[in-house]
1. I need the full set of residues from the range 26-50 which are hydroxyl-bearing (Ser, Thr, Tyr) and over 19 Å from Pro62 (Cα atoms), in order please.
2. Looking at the range 171-196, which of its residues are surrounded by 20 or more Cβ atoms within 10 Å (Cβ to Cβ) and outside any loop (DSSP other than H, G, I, E, B)?
3. With the structure loaded, tell me whether Asp135 is farther than 30 Å from Pro237 by Cα, open to solvent by 40 Å² or more (accessible area, probe 1.4 Å) and not in a helix (DSSP H, G or I) or whether it fails that test.
4. Just one of the numbered conditions (1) surrounded by fewer than 13 Cβ atoms within 10 Å (Cβ to Cβ); (2) within 16 Å of the ligand (Cβ to nearest atom); (3) in contact (Cβ under 8 Å) with a residue 40 or more places away in the chain is not true of Gln65; which one?
5. Quick one: Thr38 ticks every box in (1) surrounded by 18 or more Cβ atoms within 10 Å (Cβ to Cβ); (2) among the polar types (S, T, N, Q); (3) over 20 Å from Pro181 (Cα atoms) bar one, so which box is it?
6. For the structure I just gave you, tell me whether Ala80 is within 30 Å of Asp282 (Cα to Cα) and in contact with a Phe, Trp or Tyr (Cβ under 8 Å, 6 or more places away or on another chain).
7. Can you spot a residue in the range 112-120 that is open to solvent by less than 30 Å² (accessible area, probe 1.4 Å) and either under 16 Å from the mean Cα position of the chain (by Cα) or among the hydrophobic types (A, V, I, L, M, F, W, C) (or both)?
8. Is at least one residue of the range 41-56 open to solvent by 80 Å² or more (accessible area, probe 1.4 Å), more than 16 Å from the ligand (Cβ to nearest atom) and touching a residue at least 12 places away in the same chain (Cβ under 8 Å)?
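The values are calculated or read from the model by the stated rules, or taken from the named source; none is laboratory data. Fair warning: this is a prediction, and the values are worked out from it, not measured in the lab. All Cβ positions, glycine included, derive from the backbone under ideal geometry; neighbour counts span all protein chains shown. Ligands, DNA and RNA are stripped out before the accessible areas are found, and what is left, the full protein with its side chains, is counted by its heavy atoms. Shrake-Rupley method; radii C 1.70, N 1.55, O 1.52, S 1.80 Å.
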Amino acid sequence: METGKLFENVAFNLLKLAVIYLPDDVKQALKKAHEEETSDTGKTQLKTILDNIELAEKYQAPVCQDTGTLIFYVKAGAKAKDLDKVEEALINATIKATKEIPLRPNAVDPFTQKNSGDNTGRYIPYVNWEIVPGDKVELTVMTKGGGSENVCIGGMIVPGEGINGLKKFVVDAVIKAGAQPCPPNILGIAIGGGADISMRLAKRTLLKPLDEPNPDPAIAKLEKEIFEAVNMTGIGPMGLGGKTTILGVHIDYAFRHPASFPAAVAFNCWAARRASARINADGTVEYLTHKLKW
Ligand code: SF4
């Protein structure tokens, strides 16, 4: 098969997998939260979410009506062929997926307010490129819900406040967000770099599975502390009260300017949709996050 078509087919499959089937780690975390939730209302909300997930799989329908803004992450092997065909393939896959799955058209011109109708437009779907050694291409899609995007926040901590300042920044962001991001959420947190770098890292870290704490024990400990602190807010599932406000926390960082302490919190909703595949140089494809079910 021609490489451009192969990229397009894989991207289409990833979009379909992502919007219908939540990754296993997210499903497991929601099941555990349902078992452990002590608020009756919170438990009912989690049961509804779990039923929703089951029905989406049964009827092959998107797990949420908001199929999000489409963001691709491409890890391109420096020796991979036909990389110039990737972006066009991702656009074609997006148009096809919008029509056939279908996806809700979510790409609006911010000046004219006109919806393109096919989930494409200037910089959308957004493509994050990373050049890596080798000859393989790894494609990942995140379909990012609007409700959880609306409360993502970037800011600057007073450098002298350090990590304590970060904890306050995160808890304040969650309290301010309340029910808006469709909790339970997953938090991607990043510090350092610059305003743009911390937000980019925060969002990218949402791609990590929930059962993968940071390999650095000190950062893993901070993830756990923030997880526990945020779940003490009592916001609960869908903001209706309970001990499950978030399902997990991932932290990433870059070194910072001595005078600056950028921080960012990216929220993902319970419909934390992501899917990845690796395309090998011989044209074979490995789906990394999901087992193909069709
Ligand atoms: S924020 Fe997430 S769960 Fe809420 S409506 Fe949007 S996609 Fe659906």
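1. Thr38, Ser39, Thr41, Thr44
2. Ala173, Val174, Ala177, Asn185, Ile186, Leu187, Gly188, Ile189, Ala190, Ile191
3. yes
4. That leaves (3) as the condition not met.
5. Every condition holds for Thr38 apart from (1).
6. Answer is no for this residue.
7. No.
8. Checked against the condition, which is being open to solvent by 80 Å² or more (accessible area, probe 1.4 Å), more than 16 Å from the ligand (Cβ to nearest atom) and touching a residue at least 12 places away in the same chain (Cβ under 8 Å), the range 41-56 yields no hits at all.
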